[in-house]
Every structure is written in C-alpha cells, then in structure tokens.
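Take a look at the structure below.
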Amino acid sequence: MSRVSGVIGVLGVSSAALLLTVLTGCAPESADGPDAGSSTPAATTSASPSASAPAPLPTGTDPTPTPLPTIGDVSVILATYGAEAGAVYASGIVPERVDAEGVCTLTARSAGDTRSADLDAAPSPAAMNCGEIRITVPAGAWDLSLTYASGDVSGSSETVTVTVP
C-alpha cells in the first residue's frame, strides 16, 4: 500500500484531498519554478504593514496652531447654514469659550432688508453651541452672519451668502 492510499484509507477521500491541497500549497518551489502540471496554486506571502512612530520634530521647533478667525472678542464659527423655500438658517459654535449664559443672533440682509432672530446658547465642556436659528424671508440672495454675546464679550462669524428659491 502506498503512502497516499494509506492516508486516503485513514482520512477518507475528501479529507485526504484537502490535506494534500494544503500541503502542496505549502511546499517550497524548486529552483526551476513551479511544477507545470500542478493545478494547485502556490502559497504566496505578502509583507504586512508595520506600524511606525511619526518622525520627531526637529529640536527647537514647536508647531504653531492656526488661530481661529475672530471678528470681535471671540470666534464664532458657522457649523451649518443654508436656505430653503421661504427661510434661511444657520447654527454655529463659539470654540474655547464656556459661559454660564450667552445669546446667539442670526442676521440676514438683502437689498436693504435686515431680519434677525435670537437663541440662547448652550454650554458644552469646551464651547458654546448656537443651535439652528431660522428666519422667514422672501426669495433672493441673503447675507448671513451669526453673532454671539455674553456679558462684555461678543463676536461674529464671517458673512456667507445663500439664495432662497
């Protein structure tokens, strides 16, 4: 009895075929290359990515953070803004500022028409949040700005233009 038929007798035909396939894939190739008659692909290996630490900064340099845009005493950043039929809206944050209270005001301007609406700001651990404020307006182009005020500090966002259909 040959070695292969002994394995087939012990394991069964399907188990022996699986074992033969696995072992053939793990066998090293000869110096002449893979066996031309083999239908089993040779196992391949790939290099796994290695985690490397970021390169340290040169000595004597500190990264300088980009300052937030500020109009007034504090920065006000528009988080969302837009327009839909009959209305404009915006929300924002006042980063690096936590007050007991504050007021957010959305102002919309178009061709001499100025409209505004207020909302109490909500404090979070690292910022004051201006939730969404909506203003009813007629169709056209509108310039929006969001203002925050608390005590003796205030600031405004940059102005953006939206178009109401």
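The values are calculated or read from the model by the stated rules, or taken from the named source; none is laboratory data. This is a predicted model, so every value here is computed, not measured. All Cβ positions, glycine included, derive from the backbone under ideal geometry; neighbour counts span all protein chains shown. Heads up: the accessible areas ignore ligands, DNA and RNA and are worked out on the full protein's heavy atoms, side chains in. Shrake-Rupley method; radii C 1.70, N 1.55, O 1.52, S 1.80 Å.
Sort out which residues of segment 129-141 are without any contact (Cβ under 8 Å) to a residue 40 or more places away in the chain and within 12 Å of residue 79 (Cβ to Cβ), and write them in order of number.
Of everything in segment 129-141, just one residue is without any contact (Cβ under 8 Å) to a residue 40 or more places away in the chain and within 12 Å of residue 79 (Cβ to Cβ), namely 129.
Filter segment 111-153 down to the residues that are in a strand (DSSP E or B) and among the hydroxyl-bearing types (Ser, Thr, Tyr), then identify the one that is surrounded by the most Cβ atoms within 10 Å (Cβ to Cβ). Full working, then the answer.
Restricting attention to segment 111-153, the residues satisfying the condition of being in a strand (DSSP E or B) are 113-120, 122-123, 127-136, 140-150, 153.
Pick out the ones that are also among the hydroxyl-bearing types (Ser, Thr, Tyr) and you get 114, 116, 136, 145, 147-148, 150.
Values: 114: 9, 116: 13, 136: 11, 145: 21, 147: 20, 148: 26, 150: 21.
In this case the residue turns out to be 148.
Within segment 85-106, take every residue that is open to solvent by less than 80 Å² (accessible area, probe 1.4 Å) and closer than 15 Å to residue 164 by Cβ and give me the one that is nearest to the chain's Cα centre (by Cα).
Looking at the filtered set, the residue picked out is 90.
In segment 87-110, which residues are among the β-branched types (Val, Ile, Thr) and in a loop (DSSP other than H, G, I, E, B)?
98
Name the residues in segment 137-161 that are β-branched (Val, Ile, Thr) and over 28 Å from residue 97 (Cα atoms), would you?
Result: 137, single match.
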